[in-house]
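Take a look at the structure below.
The values are calculated or read from the model by the stated rules, or taken from the named source; none is laboratory data. Just so we're clear, the structure is a prediction, and the values are computed from it rather than from any experiment. Don't worry about glycine lacking a Cβ; one is built from the backbone with ideal geometry, like all the others, and counts go over all protein chains shown.
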Amino acid sequence: MREHIVRIRALDSLLFRDGRPFANEPGALTARSLPIPPPNTVAGFLRSLIGNLKGVDWAEIDAKRIFSEPEVRGPLPMRGDEFVLPAPADALVLPAQSEGAPPRVLPLLPELTLGDGEGCDLPDYYYGLRPLPPPSAEKPEKGYAFWRWDELRQWLEGETPSPLTKIEPPPVDRRTHVAIDPSKGIADEGNLFTVEYRAYEERTEQPGESPVEWSLVAQVRTEYAGVIGGVAPFGGERRLASVEPYDRWLTCPDSLREKLREARYVRMYLATPAQFTCGWRPGWLRKENQHSSPRLVGTPPDLDGLTLRLVAAAVPRRMAVSGWNMRRSQFGPRPVRWCVPAGAVYFFEVLGGDPSILADKGWLHPVSDGKEQNGREDNGDRPRQAGFGLALWGVWNPNDGGNR
């Protein structure tokens, strides 16, 4: 297998449906797009491109189902020439306390000063999980949907970035269309609908400055030895994007690597949405009762020797991932799969093993459940191979929590 890094650049506004109904009925006349496509959309796009570059016979592939799909990790968004990632769910951005001052960034930390039997009993039973009480009742600031990589790096190291850059999602390109009467081939008067694309080009407020481009970076492991590049349809309505070789990828910085080496408490940040068989909870965490103390303990995928105990979790509202199966033998809509969104953060205590493996083998490694958890030996690792659940690891200090 060879590793390729590619950059995907939009040639037009793109559409990645968010799973909400879109039909000719009240309340469903607008098709909305996700700001960043889910991993399976990017994986399918790159796999199709590589297959065309290899000259595969898609009819034969569909009939015999023999196509060896490459492993894809991504997407990692870029704004301009720097990586930007979804805001961590354990960060609370509050208004500035004085005019001209930057917004305040406060951490959500597990509340450890609880008595016996106190904690979180959601969703099913008490397993020693701790709540994440907000340090303030103020309304959070809006517009901080993405963080620059340098700011997120500081956050993972237990520091607070200041000032925090305000980065909103790629702008919406809203277009109104009219339906066509299929029997006449002309516009159906009064039958209007709206499509909200994502323009991967952000115009600046300064006159004369060039627009800021958004793009996506992915890593591909495949037997194909040629150059991965070209123009191909991407997302809904077969809108075009270009692919080109790239030479940058997120690696664990030395400063964070040193902190992880001696860490007793670590955080798992999801850079891409994850699929778990237990909903919000990774299936590789098992329930156990040691000395009448229930807890959730497990080992992340492919990180043998490391044992972690889940202490708390900051998980935003679940997201739906669906799509359309283009195989002729299975043509039709795919079933909806519920995912933990990117930006979710899980707090762990290290019970055994060397946590430095998180900076090496565990860095941007998929933590979604595989065939061991979902019982599908044939293609049970497909979400992991598509890049669902790429994790970045950081540290946290339990002494910073408590009553605040």
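Observations
- For first residues located in segment 143-155 and touching a residue at least 24 places away in the same chain (Cβ under 8 Å), partners that are among the aromatic types (Phe, Trp, Tyr) and lie 6+ apart or on another chain with Cβ distances below 6 Å form the pairs TRP149/PHE83.
- Residue list for segment 305-353, restricted to those being assigned to a strand (DSSP E or B) and of a type in the set (S, T, N, Q): THR307, ASN325
- Residues that are outside any strand (DSSP E or B) and touching a Ser or Thr at 6+ places or on another chain (Cβ under 7 Å) were ranked within segment 54-103; the one that is farthest from PRO35 (Cα to Cα) is ASP62.
- Yes/no for TRP338 being under 19 Å from the mean Cα position of the chain (by Cα) and under 25 Å from TYR265 (Cα atoms): no
Each row is one residue, and each column tells you yes or no for (1) assigned to a loop (DSSP other than H, G, I, E, B); (2) surrounded by 15 or more Cβ atoms within 10 Å (Cβ to Cβ); (3) charged (D, E, K, R).
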{"residue": "ALA241", "(1), (2), (3)": "no, yes, no"}
{"residue": "ARG248", "(1), (2), (3)": "yes, no, yes"}
{"residue": "GLU258", "(1), (2), (3)": "no, no, yes"}
{"residue": "TYR269", "(1), (2), (3)": "no, yes, no"}
{"residue": "THR272", "(1), (2), (3)": "yes, yes, no"}
{"residue": "LYS287", "(1), (2), (3)": "no, no, yes"}
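- Cβ separations smaller than 6 Å between residues 6+ apart or across chains give the following pairs from segment 278-305 residues that are without any contact (Cβ under 8 Å) to a residue 60 or more places away in the chain and farther than 20 Å from ARG384 by Cβ to residues that are assigned to a strand (DSSP E or B) and of a type in the set (Asp, Glu): VAL297/GLU288.
- Scanning segment 177-220 for residues that are acidic (Asp, Glu), over 19 Å from ARG239 (Cβ atoms) and either exposed (fewer than 10 other Cβ atoms within 10 Å of the Cβ) or in contact (Cβ under 8 Å) with a residue 12 or more places away in the chain (or both) returns GLU189, GLU205, GLU209.
- Criterion violated by ALA218 - all others in (1) part of a loop (DSSP other than H, G, I, E, B); (2) over 25 Å from PRO398 (Cα atoms); (3) touching a helix residue (DSSP H, G or I) at 6+ places or on another chain (Cβ under 6 Å) satisfied: (1)
- Lone qualifier among THR204, THR277 - being over 29 Å from PRO107 (Cβ atoms), β-branched (Val, Ile, Thr) and out of contact with any helix residue (DSSP H, G or I) (no Cβ under 9 Å at 6 or more places or on another chain): THR204
- The residues of segment 73-116 that are among the β-branched types (Val, Ile, Thr) and either surrounded by fewer than 12 Cβ atoms within 10 Å (Cβ to Cβ) or modelled with pLDDT of 95 or more (or both), listed by number, are VAL84, THR113.
- Residues of segment 173-206 satisfying the condition of being among the hydroxyl-bearing types (Ser, Thr, Tyr) and assigned to a strand (DSSP E or B): THR176, THR194, TYR197
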